[in-house]
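Q: My questions all concern the structure below.
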Amino acid sequence: MTCPEDTEYFGVELRLGAYLPLFPPAGLADLNDAVLPTPSGDRILLDNRDWEMPTEQNVDVFVDRLVRAGLLFFDSLAEEIRHGERPRAMSERTAQLRFRRAVGISRRKLVSIEQARHAARLLAAGEPIADVVAGGGYYDQPQFARAMRWATGHTPGELRSGRPVLAF
């Protein structure tokens, strides 16, 4: 993803299982972002309400306000399901659907993304590609290259080059 030079973006990484029902997580997967309208430089529109634009200094207050307004939900079972545990009296299928509703992707896909992010951090730190492949549980370098391109949008060489990337 590239950003125009004169544009500033601000994001908040929420805990696994936290989501805004106005923007179902499944709709935000695969590089589909929600960009909120900004009627003025320091205000945003969310749920047809005018909110102060959060900053790094007050983002926790902003998140608390979203919770109090009923706009931010948290599914406490998402973390449990993520680790392969199924809550009592819940079928496997129900657990899968609940996880997907709260997170936006399947548990298996999340694990693949986390694996690729870890590998990307190792590459950015200068680890040799062959070592990351062997230690990361990948079958071979072509599979690793496909996985990295899919999860981060960058090849292993690009990640290892030291050039800045938006996120991974």
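The values are calculated or read from the model by the stated rules, or taken from the named source; none is laboratory data. Everything numeric here is computed off the predicted structure, so don't read it as measured data. Neighbour counts run over all protein chains shown; Cβ positions are idealised from the backbone, glycine included.
Q: When you go through (1) modelled with pLDDT under 90; (2) not in a helix (DSSP H, G or I) one by one for GLU80, which number turns out not to apply?
A: Against the list (1) modelled with pLDDT under 90; (2) not in a helix (DSSP H, G or I), GLU80 comes up short only on (2).
Q: Here's a check for you: in segment 15-57, which residue that is at pLDDT below 85, hydrophobic (A, V, I, L, M, F, W, C) and assigned to a loop (DSSP other than H, G, I, E, B) is nearest to ARG100 (Cα to Cα)?
A: ALA29
Q: Going by what's in this entry, would PRO25 be described as in contact with a helix residue (DSSP H, G or I) (Cβ under 6 Å, 6 or more places away or on another chain), over 27 Å from VAL111 (Cα atoms) and outside the structural domain of GLN115 (by TED's automatic domain parsing)?
A: no
Q: Separate question: Of the numbered conditions (1) touching a Gly at 6+ places or on another chain (Cβ under 8 Å); (2) of a type outside the set (S, T, N, Q); (3) over 28 Å from LEU20 (Cβ atoms); (4) at pLDDT 90 or above, ARG160 satisfies every one except a single condition; which is it?
A: With (1) touching a Gly at 6+ places or on another chain (Cβ under 8 Å); (2) of a type outside the set (S, T, N, Q); (3) over 28 Å from LEU20 (Cβ atoms); (4) at pLDDT 90 or above applied to ARG160, the lone miss is (4).
Q: Restricting to segment 51-96, name every residue that is surrounded by 12 or more Cβ atoms within 10 Å (Cβ to Cβ), farther than 30 Å from THR38 by Cα, free of Cβ contacts under 8 Å to residues at least 24 places away in the same chain and of a type in the set (A, V, I, L, M).
A: Hits for segment 51-96 are MET90, ALA95.
Q: Checking the condition touching a strand residue (DSSP E or B) at 6+ places or on another chain (Cβ under 9 Å), under 26 Å from ALA151 (Cα atoms) and at pLDDT 90 or above, which residue from PHE74, PHE99, PHE62 passes? Walk me through how you get there before you give the answer.
A: Numbers: PHE99 fails: touching a strand residue (DSSP E or B) at 6+ places or on another chain (Cβ under 9 Å); PHE62 fails: under 26 Å from ALA151 (Cα atoms).
The conditions single out PHE74.
Q: Here's a follow-up. Restricting to segment 97-123, count the residues that are crowded, with 17+ Cβ neighbours inside 10 Å and either more than 30 Å from PHE23 (Cα to Cα) or free of Cβ contacts under 8 Å to residues at least 12 places away in the same chain (or both).
A: 2
Q: Let me ask you something else. Is it the case that GLY27 is surrounded by 10 or more Cβ atoms within 10 Å (Cβ to Cβ) and either among the hydroxyl-bearing types (Ser, Thr, Tyr) or closer than 24 Å to THR7 by Cβ (or both)?
A: Criteria met by GLY27.
Q: Quick one: what pairs do we get from segment 1-23, first residue over 23 Å from GLU114 (Cβ atoms), second surrounded by 16 or more Cβ atoms within 10 Å (Cβ to Cβ) and modelled with pLDDT of 80 or more, C-beta under 7 Å, 6+ apart or different chains?
A: Final answer for the pair search is PHE10/PRO54; LEU22/LEU71.
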